[in-house]
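Undergrad: Have a look at the structure that comes next, please.
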Amino acid sequence: DSFHDSFSIVDRDYRIVKLNDAYARMRNKLPGDLYGEKCYEVLCGRNSVCEGCVVEKTFRSKKPCTKEKVIIPPGGPETWIDICTYPIFDRNRSITHVIEYARDVTVRRRAEEEKKLLINNLNHLSTTDGLTGLFNRRALTDILQHEIERAERYASDLSLILCDVDKFKSINDTYGHAAGD
């Protein structure tokens with residue numbers, strides 16, 4: 001219980017043989033409800049090992065493994081956890097148990113998602129006209145440069161069609177070329 005993060009030890013039958021209070025809290029359970037139980041039964045309500053189980057992967061590979069996943073405890077908020085597993089060997093180098101160490105990474109995941117949304121929003125704002133929603137001059141320049149490079153790379157032809165809007169000169173003359181663009 002000196003670990004702040006979630007910690008458990010599972011035997012070859014996937015029974016939880018050691019755990020700390022943080023492990024039980026993370027899963028919205030009492031320690032007594034978990035001790036001696038098969039992890040996939042008590043935590044997931046399953047009758048067999050969960051698909052993609054990192055503990056099972058460690059038993060198979062005999063190597064430490066990691067996995068990031070989301071857990072949604074009954075009545076609790078969605079929680080992202082980073083799980084690290086480590087094998088425990090006997091004298092014959094057979095794995096007898098797996099240590100599972102889990103850390104709540106929800107704050108980091110939410111920050112990453114917010115960052116992605118912000119970047120997408122900034123990218124949209126920097127490439128589209130706010131009034132029409134159409135690509136702006138900057139986006140057009142980027143697209144043209146990309147297409148020119150692609151045509152050069154594949155030694156293919158490239159065409160560009162220009163349209164002239166009638167009487168548009170008066171817009172440029174009145175409001176300036178930046179507004180016209």
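Undergrad: Can you tally the net charge around D181? Count Lys and Arg as +1, Asp and Glu as -1, for every other residue whose Cβ sits under 15 Å from the Cβ of D181.
TA: Once positives and negatives cancel, what remains is -1.
Undergrad: Identify the chymotrypsin sites (Phe, Trp or Tyr not before Pro) of the range 11-89 meeting these criteria: DSSP loop state and at most 15 other C-beta atoms within 10 Å of the C-beta.
TA: Counting only loop positions with at most 15 other Cβ atoms within 10 Å, the chymotrypsin sites (Phe, Trp or Tyr not before Pro) in the range 11-89 are Y35.
Undergrad: Within the chain, which is the longest segment that contains none of the GluC sites (Glu not before Pro) sitting in a DSSP loop with at most 13 other Cβ atoms within 10 Å?
TA: Counting at most 13 other Cβ atoms within 10 Å as exposed, the longest clean stretch of the chain is 79-181.
Undergrad: Further question: Report, in order of residue number, the helices in the chain meeting two criteria: a C-alpha extent of 20 Å or more along the helix axis, and a mean Kyte-Doolittle hydropathy of at least -0.5; treat each whole DSSP H run as one helix.
TA: Span-like helices here: none at all.
Undergrad: Now for a separate question. How big is the dipole moment of the range 70-181 about its Cα centre under a simple scheme where the beta carbon of each Lys and Arg is +1, that of each Asp and Glu is -1, and everything else is neutral? Debye, nearest 20, please.
TA: So the magnitude is around 480 debye.
Undergrad: Moving on to the next point. Name the residue from L125, A139, T96 whose Cα lies farthest towards the positive end of the charge dipole of the range 94-162, charges +1 on Cβ of Lys and Arg and -1 on Cβ of Asp and Glu.
TA: After comparing all options, I get T96.
Undergrad: Here's another thing I want to ask about it. If you work out Kirkwood radius over Cα pairs in Å from the coordinates, which of (i) 18.0; (ii) 21.6; (iii) 18.5 do you get?
TA: Given (i) 18.0; (ii) 21.6; (iii) 18.5, the structure-derived one carries the label (ii).
Undergrad: Further, regarding this structure: Students often forget the sequence filter, so: which lysines lie under 30 Å Cα-Cα from K62 once same-chain residues fewer than 8 apart are removed?
TA: The qualifying lysines are K18, K29, K38.
Undergrad: Could you let me know the centre-to-centre spacing of the range 39-83 and the range 1-37, using Cα atoms, in angstrom?
TA: Between the Cα centres of the range 39-83 and the range 1-37 lies a distance of 12 Å.
Undergrad: Let me ask something else about it. Where does the charge balance sit around T66 when Lys and Arg score +1, Asp and Glu -1, over other residues with C-beta under 13 Å from its C-beta?
TA: Here the count lands on +2.
Bear in mind these aren't lab numbers, they're just calculated from the coordinates by the rules spelled out. Computed from a predicted structure; not experimentally measured. Cβ: placed from backbone, ideal geometry, glycine included. Neighbour counts: every protein chain shown.
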